[in-house]
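Each reported figure results from applying straightforward, stated rules to the coordinates on display, with no laboratory input. In this text the structure is predicted, and so the values were computed from the model without any measurement. Counting neighbours? That spans all protein chains shown, and the Cβs are built from the backbone with ideal geometry, glycine included.
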Amino acid sequence: MSTVTVLPQGAGYGVGIGLFFSAFMLALTAMQARYTPWSPKTLVKPALIASGIVSAWTWAATLLQSSAVAYKYGISGPWWYAVPAYAHGRALPQLAAKLKLNAPYAHTWLEIIGARWGTVAHLVFMFFGLATNVIVSAMLVLGGSATVTDLTGMNTIAACFLIPVGVAIYVVVGGMRSTLLCDYTHTTVLFVIILYFVFTVYTGSPKIGSPARMHELLSAAPPVAGNAGGSYLTMRSKNGLIFGVINIVGNFATVFQDQAYWQRAIASRPASAVRAYLLGGIAWFAIPFTLATTLGLAAVALGGNENATYRDPDMRPLSAADVSAGLPAAAAAAALSGPGGAAALLILLFLAVTSACSAELIAVSSIGTYDVYKRYINPKATEEQLLRVGHICVAVYAIACGFFGLIFYYIGVSMGWLYTFMGVLLGGAVCPIAIGITWRRANRTGCVVGAITGLVAGVGTWLGTTARLSDGVINVTTSGGDYEMLAGNLASIGVGAIVSLTWSLIVRPSYTFESPLDEEKRATGEEKRASDEGISASGDEKRPASIKEVQTIVETAEADDDLDPVALKRAFRFAAWASLVLLIVLVLAIPLPLFFAQTIYGVQGLTTWVGIGIAWTFLAAGVVVVGPVWESRRAMTMIMRGLMKDIFTRGGGKFAPQKASAA
């Protein structure tokens, strides 16, 4: 890594602590509670959920690893990073619909597994779920700390701990809606900075300034092994395709096993969840695709390759370790715009890391609260106790994230290595979990055995391939090769799928989706309805419901209406067909013909490619930046009116329930 930093250490520590967003979260929560009738826990609308999804899905790897693969493989890299993740995100709408249909009152996906298959299966799949959270969190900390250290010289150990601890502060403060509002702010700034880099590279920078100049510089760069003509300007990239396959397996693992992905489906109405995931996926695609096509290629064009014959004076050469750590984007940003570009990239990274890290903290907190504490320690826990345990879990896991990052840092594991490895460790449980939540015939024993054998097969094949290709030498460097990771990923997901599906087809399960979760909630619901009607459980008359209680009744009734089985099945079918079509188009129909054509694109081809990315970015910004503002126009009006009243009449702006119309 570089020994000369672009920014002072204070910038790194300021980013690491992140107290601004903690204060911002407090302000949002306070204004919402004071000036509007909506609680921070209120179910929210699709565009705001979509904005939160974009924020949570934008990991450090989304910015850093995507740019690294563009640096390594050329224009195919951004495509093979973005498309697999985007295609798997299309599975989430149908999973969200199935979750609401089969277990509408679950808090986590593990609760469904536990209710359906019992303790052993619950514990086995909890291992996979928590392992997913650990790997994702470690990637966030590793990528974030490496880039902050590279740009500012901040101590890596301090960065590993300050990043998650700073996020934990504002996670504890607000509810899901408040977190989504903060995520919206993150997403807005993300798109502003990405567009800044796009227009700097392709229109304003004297170092590049146009697609034609980018084409000229890339054509003069050292050749890429495995690419058609050794060119960066082709989709015919053997190693790029291998990375795409690895990425497909790894993203399957995270989509199905990371509670952070399920969290927003659980917190939203079914119809909203389906629309939100579709919108969020469309918007998210623009971030890695456009940013990597900008900064990843700029790092090559400016001479980041150690063997480059031309190197911009401000561009430092990048070693293989630098690329694996995800540093091409930071190096390109600093070379293009000096301290200003480095600061913009640092802010971009901070927003990505804090948003995704907050989602991981909430995810682990949910598992710790409902799948550990309530299931095994205190089944009759009150809401107050559950909230307290949730906050404790957030704090403990934030500190644990720092230790995970530190451990991987000292053993030499980088973000890029971990990104390609996650499918080896987690791929075996993908199919068992998917059919366990969506298929009545899924067999408990077959799925548990499939997940475990998939894990063993994946790790065994990965190590065996490493030993075979490296003359028996197994270490971090030799085990991180493309073929080694490809073999492990395919063995893991393949064996897990074959065992679980075959077993389930041969042995019939004796289970319906009438789970204890549903029965418990129905009983609670009957008591709630009786209470809402002014009658106690013993039949005694109660006082009339207050305005606040009436509002709660309306919200509960709306939520119950959203659980109509016919509507849920219709949403599932729509999501399933949309996912299938997008999978065929994006993973098969577009990239494979381009791969086999072996075309090396000229200036016009590169210009079109860049133009598509820019257009998609503006479309995405319209969905997740402008959309939530339009959806929340009523609440924003109420807040502005309340603020004005408080300014001119002290205390006069507070929301008065009796004067508010129904939401």
Order by protection proxy (mean Cβ within 10 Å, highest first), peptides 311-322, 390-401: 390-401, 311-322
Per the 1/(1 + (r/R0)^6) rule, R0 = 41 Å and r from the Cβ atoms of residue 604 and residue 584, FRET efficiency to 0.05 is 0.90
Based on Cα coordinates alone, diagonalise the gyration tensor for segment 217-359, multiply each eigenvalue by 5, take square roots, and list the semi-axes in whole Å, largest first. 33, 20, 13
Value of D in µm² per second that Stokes-Einstein yields for segment 315-437, Kirkwood Rh from Cα pairs, at 4 °C (1.567 mPa s): 73 µm²/s
Two pseudo-spin positions, 7 Å from Cα along C-beta at residue 307 and at residue 612, lie apart in nanometres by 2.9 nm
Give me 72, 645 ranked fewest to most by other Cβ atoms within 10 Å of their Cβ, as a rough exposure proxy. 645, 72
Measure off 7 Å from each Cα along the Cα-to-Cβ vector at residue 440 and residue 382, then give the distance between these two points in nanometres to one decimal. 4.1 nm
Compare the peptides 241-247, 288-294 by average per-residue count of other Cβ atoms within 10 angstrom and give them in order, highest first. 288-294, 241-247
So what is the diffusion coefficient of segment 126-255 in µm² per second by Stokes-Einstein at 25 °C and 0.890 mPa s, using a Kirkwood Rh over Cα pairs? 130 µm²/s
Based on the mean of other beta carbon atoms within 10 Å per residue, what is the order of 201-208, 573-580, 588-595, 380-387, most packed first? 201-208, 573-580, 588-595, 380-387
Tell me, 190, 7 in order of fewest to most beta-carbon neighbours within 10 Å? 7, 190
Could you list, bin by bin from short to long, the percent of Cα-Cα pairs of segment 456-506 in 5 Å steps? 4, 25, 24, 17, 11, 8, 6, 4, 1
Using 10 Å bins from zero, what percent of all Cα-Cα pairs in segment 414-515 falls into each bin? 18, 39, 24, 14, 5, 0
